[in-house]
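Participant: Okay, handing you the structure first.
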Amino acid sequence: MNRSLSHRWAQFVTRRWRWVLLAWIVAVVLLRIAAPSWKEIAFDGDFEYLPAKMTSVAGTRLLNDAFPGIQSRSQIVLVLGREKEELLKSDDIIGLDLLRRLYHQLGVVSWKRAIDAGYQSGPPEQQTSAGPWIKLAREAFDQSIELDERYYERIADQLTERPPTLTQPRLAIAYWDRGRLLERWGDADEAVEADFEAALILIPEIPKMVAPIAKRDLEAWQSLLDVLAWEDPVVGTRLRKPAARLAVLQLSSELAATGNIQIVEALEALIAEVTHDSMRYTKPGLQLLMTGSAAIGGETLMGARDAIRYTEWITVGMILLILTIVYRAPLLVAIPMASIGFAVVASMSLVAILTQLSMKETIPLLDMRVFTTSRIFIVVLLFGAGTDYCLFLIARLREEACQNVWPVACRNAVSGVMGALIGSAMTTVLGLGMLWIAQFGKFHYTGPVIAICLLVGLLVCTTLTPALLTAFGPIVFWPNRINLRKQPKRSLLGPSPNRSFDSHHGGTWGWIAVLLTRYPATAILFGGMLLSVPGVYGFLNERSVTYDLSSQLNHAAKSRQGLRLLARHFNIGEINPVTVLFLRAEDTPRDKLGKDVKQLTTQLYAQDGVAAVRNADDPLGDFPPSRDMSLFGGDAWRRRALQNHRIAQRYFYSEVPEYEKRLVRLDVIIDGDPFSLETSTRVSKLEAFLRAQTLSKESVWKGSKVLLAGTTPSIIDLRKVTLSDNRRIKIAVVVAVFAVLVLVLRQVVLSLYLIITVLISYYATLGLTILFFRAAYGSDYVGLDWKLPLFLFVILVAVGQDYNVYLVTRVLEEQRQLGWRAALRRAVSRTGGIITACGLVMAATFFSMTAAVWLPPIARFFGFPTQSGVALRGIVELGFALGLGVLIDTFYVRTILVPSFIALMGRWSLKKPS
């Protein structure tokens, strides 16, 4: 920044400090009032932010268009089972209690969906869009009441005297709701009266206790489309094993949608009720667990929510502790914390307002989104960078206060650090801003949002902070004192205005400065070799990451426990099929489509890893071509029943006129975990085979369009997009940061060297992180989270230059009066302590992202109540890696590699800036 401009800025801020304080107070209050809450605007889900051109995105879009309102995009699977023994007869009681509640909830949700579609009264045959939903509601209520009767028969002789509720011992609310539905339906009066009478006998006050369907709070269950369970007479055989039973909840939401948190919590409450009411009727050892894509996604989001809470509190606590240790002065702790508090509120409120305006399309070309996890990065980086800016300013103020009266000292301090602060901030802002070029939406939006927040933080620290320091005066250093001395002294490190002030710089950092200027080549050689060993390991394993969403959760997570129990008895792939869509260019008669599908199904069974193929003729994939089946046998009856079951109706062929005779849907079951790399490889080969069918002249599918949808195809596309983004973003970040360094330092060779050091630091950090978590996870290690390498690279390359810029700009400043050796020694000695403190602050804020792992056990050890939340491995790994990387940059790169290179350049006649 131009020196005269810096001086004018500093003069304005320190002279008009009252107006600055007032302006910030008013601005923060107005922004906070106008901003929506973070929950209202935060998005989630990974697959929804893939580019529209990707196969899985186009497939999902086609499914939504061809099967409007009935498309299941994720599932929650409830597993009732025992680990090593078959289920007992008494275990059925718990299953019946669970299913009667689930089917009742399905009936309520379906009825509400029918009301939203315009249903008021009459049978489903008289309805259009509402008809299927009101029919499903009737079926669900019928199943719920049938199961309730069987449940009561099993427990009637074991009941104890307890006041009845809407759900115990009978499901009174189901009778009441079915009676109300039959009344609207226009069914026989006898049936309506029978249901009302049963409900009133069970709970006489039920009319006052139960609200109409339209007025019930069903937000948590609004994505529920259907429930398929082991008690279903047609599909139940596929969901029943000797030691386990399954109930599959089909949801309209994507597996990582924010709303899945609510349904997961609602199901946890329902399971707790079932366990409390009915588990007493059987022997110990029975487990009722939840898993499935939506359960894993929902629990992952819950882990992110816990991580945000822990990170925010630990970040504040750590910074308070470090500032207290560094300054031992109450006001020097309070002023940075107040400044950062203003920055956090102002920046997050501003981002929330801009995001809301973007969502409403109020401002043309404004395109902003925020995510649940964005808050973690904003808080950590704002607290870390903001504290660093304040520390730099206060350190310079301490120097200036020894030479000038307070107003002048404040002005000179602001003017002296403005260039360094802006330079270091811009490396971070532009580095993170380069994420904007990403194709993956979460990268594309997150980087610029954090950059905006950092700009607000820089503005606060260069206006509000100096205004507060000016307002309080020298008392900010209390109980310490700064003595004004006018007679400069000389030392090995150059002219010093105050012996007492410089004395503490002549210790460790002075010794390091002298040593590095004497042996720079040796320091660079050995320093580089030490980092190169983990650096090479990190470089070779940079792509050894996992896209397995379930591996984000630790083994204590309920969905992981449920997945293990499910995998013990069932094929995991059955709950996450690959959906194949063939769209023909022209209409084809339905019978011809059916014949072509049979031929394709035979070919699909021959593909590697294909366990089953579901189509309109075989909805569950129970009857492969190789299976013999007599015309009048039980299998033939069951197959016909499946074809007429609701799982097959409107599922494999669209009823939308545009797609009715053109679109064919199949669900392909692949052996293996849908999140694993092996399964992804098999699905990729399957996609290649299907595309070959559309190109082959001999194929009946020649000229058709083929698309894949589902969890595994989405993961394949996510991998493709993010690997492509990684390459482009890394190049863009390096170029942007290098340009800022050249602009600020005016030294091309030195700027290039600084980039090289931070790249070495990145790969060394990555290598050490991989080694650490390999050891920590043991056999459970499947790779680092796929987001870690990119975020680690961008943040380390951008943030890692902060301290280098501050050191080098101080060297160049000192060179105006001293030779290169004395300038380097003084710069290292005078900035060593403060940069170290800044590095510790930044590392502490990043390490706070790991708090979900170690804080709850510590709190419980000391007797404090705490929730047993889920620690997300991705956030823990990233927090550890970033903290480690900052420590390497602070104590190694900036301490050894950078000063040594400057010393070598000095020997090669480093030029002084004019």
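FYI, it's all coordinate maths here, none of it is from the lab. What you see is a predicted model; the values in this text were computed from it and never measured. Every residue, glycine as well, gets a Cβ built from its backbone with ideal geometry; the counts of neighbours run over all protein chains shown.
Participant: With charges only on Cβ, +1 for K and R and -1 for D and E, what is the dipole size of the chain about its Cα centre, in debye, rounded to 20?
Facilitator: 5660 debye
Participant: For labels at Glu219 and Gln817 in the simple 7 Å Cα→Cβ model, what's the distance in nm?
Facilitator: The answer from the label model is 6.2 nm.
Participant: In 5 Å bins starting at 0, how do the alpha-carbon pair distances of segment 243-399 split up by percent?
Facilitator: That works out to 1, 7, 12, 12, 11, 11, 10, 9, 8, 6, 5, 3, 2, 1, 0, 0, in percent per bin.
Participant: If packing is taken as the average count of other Cβ atoms within 10 Å, what order do 468-476, 638-646 fall into, highest mean first?
Facilitator: 468-476, 638-646
Participant: Among residues other than Asp277 whose Cβ falls under 14 Å from its Cβ, what is the net charge (Lys/Arg +1, Asp/Glu -1)?
Facilitator: Once positives and negatives cancel, what remains is +3.
Participant: Another question about this same structure. When averaged across all projection directions, what area in nm² does the alpha-carbon convex hull of segment 72-291 cover?
Facilitator: If you wrap the Cα atoms of segment 72-291 in a convex hull and average its projections, you get 12.6 nm².
Participant: Also: I'd like the distance between the alpha-carbon centres of segment 144-163 and segment 704-747, rounded to an integer number of Å.
Facilitator: Cα centres, segment 144-163 to segment 704-747: 59 Å.
Participant: Do any GluC sites (Glu not before Pro) in segment 150-183 lie in a DSSP loop with no more than 16 other beta carbon atoms within 10 Å, and if so, which? Each step should come with its number before you reach the end.
Facilitator: On the way: sites: Glu153, Glu161, Glu183; in loops: Glu161.
Answer by residue number: Glu161.
Participant: Whole number please: convex hull volume per residue, Cα atoms of segment 169-271, in Å³.
Facilitator: Once divided by residue count, the hull of segment 169-271 is 165 Å³.
Participant: Which of the GluC sites (Glu not before Pro) across segment 616-713 are loop residues per DSSP, with 15 or fewer other Cβ within 10 Å?
Facilitator: Glu655, Glu658, Glu660, Glu698
Participant: Consider all pairwise Cα distances in segment 92-196 and report the whole-number % of them above 19 Å.
Facilitator: Details: 2426 of 5460 pairs.
Counting pairs separated by more than 19 Å, the tail of P(r) holds 44 percent.
Participant: Further question on the same structure: So which trypsin sites (Lys or Arg not before Pro) in segment 655-744 end up in coil per DSSP with only 14 or fewer other C-beta atoms within 10 Å?
Facilitator: Those that pass, being in a loop and sparsely packed, are Lys697, Lys702.
Participant: Using the scaling law 2.2 N^0.38 Å as the reference, what is the normalised Cα Rg of the chain?
Facilitator: In units of the 2.2 N^0.38 Å rule of thumb, it is 1.12.
Participant: Over 23 Å apart: what share of the alpha carbon pairs of segment 577-709 falls there, rounded to a whole percent? Don't jump to the answer; show the numbers that get you there.
Facilitator: On the way: 2976 of 8778 pairs.
Roughly 34 percent, once rounded to a whole number.
Participant: Calculated from DSSP H runs of 4 or more alone, at -39500 (n - 2.57) each and per residue, what is the 222 nm mean residue ellipticity of the chain, nearest 500?
Facilitator: Only helices count here, giving -20500 deg cm²/dmol.
Participant: Continuing with this model, one more query. Cut-off under 20 Å on the C-alpha distance; same-chain residues fewer than 8 positions from Lys84 excluded. Which lysines are left, in chain and number order?
Facilitator: Lys241, Lys283, Lys558
Participant: For segment 280-386, what relative contact order do you get, as a whole percent, if you take Cα pairs closer than 8 Å and at least 6 residues apart?
Facilitator: Relative contact order, segment 280-386: 34 percent.
Participant: Next question. Taking the chain as the reference, fit the longest principal axis to its C-alpha atoms, fit the long axis of helix 898-907 to the helix C-alpha atoms, and give the angle between the two in degrees, 0 to 90, nearest 10.
Facilitator: 40 degrees
Participant: For segment 668-676, what does the Karplus curve 6.51 cos²θ - 1.76 cosθ + 1.60, with θ = phi - 60°, yield as ³J(HN,Hα) per residue in whole Hz, taken in order and with x for Gly and Pro?
Facilitator: So the J values, rounded to whole Hz, are 9, 8, 9, 5, x, 5, x, 8, 7.
Participant: Using a ≥ b ≥ c from the Cα gyration tensor of segment 191-239 (square roots of the eigenvalues), is it rounded, prolate or oblate, where a/c under 1.5 gives rounded and otherwise the larger of a/b and b/c decides, a/b for prolate?
Facilitator: Working: a/c = 3.34, a/b = 1.49, b/c = 2.25.
Because a/c hits 1.5 or more and a/b fails to exceed b/c, segment 191-239 counts as oblate.
Participant: What residues qualify as long-range amide H neighbours of Ile670, i.e. H under 5 Å apart, gap of 5 or more or another chain, H built at 1.01 Å from N?
Facilitator: Under 5 Å from the amide H of Ile670: Val578, Ala611.
Participant: A follow-up question, please. Roughly speaking, what is the stretch gain from Glu586 to Val405, that is 0.36 nm per residue apart minus the C-alpha to C-alpha distance, in nm to one decimal?
Facilitator: That works out to 56.6 nm of additional length.
Participant: Arrange the following residues from fewest to most other Cβ atoms within 10 Å of their Cβ: Glu399, Glu268.
Facilitator: Glu268, Glu399
Participant: Give me the net charge for the shell around Leu878: Cβ to Cβ below 13 angstrom, other residues only, Lys and Arg +1, Asp and Glu -1.
Facilitator: Computed value for this residue: 0.
Participant: Further question: Of the options Ile512, Ser358, Gly703, report the single residue whose Cα projects farthest towards the positive end of the charge dipole of the chain (beta-carbon charges: Lys, Arg +1; Asp, Glu -1).
Facilitator: Of the candidates, Ile512 comes out farthest on the positive side.
Participant: Here's another thing I want to ask about it. In units of 2.2 N^0.38 Å, what is the alpha-carbon radius of gyration of segment 432-477?
Facilitator: Numbers: Rg = 16.7 Å, N = 46, 2.2 N^0.38 = 9.4 Å.
The reported ratio for this selection is 1.77.
Participant: Using the 10 angstrom Cβ neighbour count as an exposure proxy, how do His555, His7 rank, fewest first?
Facilitator: His555, His7
Participant: Once you place label points 7 Å from the Cα toward the Cβ at Lys39 and Leu723, how far apart are they in nm?
Facilitator: That separation, rounded to one decimal, is 4.0 nm.
Participant: Below 14 angstrom from the Cβ of Pro123, what's the summed charge of the other residues (Lys, Arg +1; Asp, Glu -1)?
Facilitator: Around Pro123, the charge tally is -1.
Participant: Another one. How long, wide and thick is segment 541-608, going by the Cα atoms along their three principal axes, in whole angstroms, largest first?
Facilitator: 52, 35, 22
Participant: Now for a different question. Quick one: dipole size for segment 577-709, taken about the Cα centre, charges +1 on Lys/Arg Cβ and -1 on Asp/Glu Cβ, in debye to the nearest 20.
Facilitator: Rounded to the nearest 20 debye, it is 340 debye.
Participant: Return the distance in nm (one decimal) between the two label points of a simple spin-label model at Ile731 and Glu268, each offset 7 Å from Cα along Cα→Cβ.
Facilitator: 4.5 nm
Participant: What is the order of Ile770, Ile452, fewest Cβ neighbours within 10 Å to most? Write out the running numbers ahead of the final one.
Facilitator: Working: Ile770 24, Ile452 19.
Lowest count first: Ile452, Ile770.
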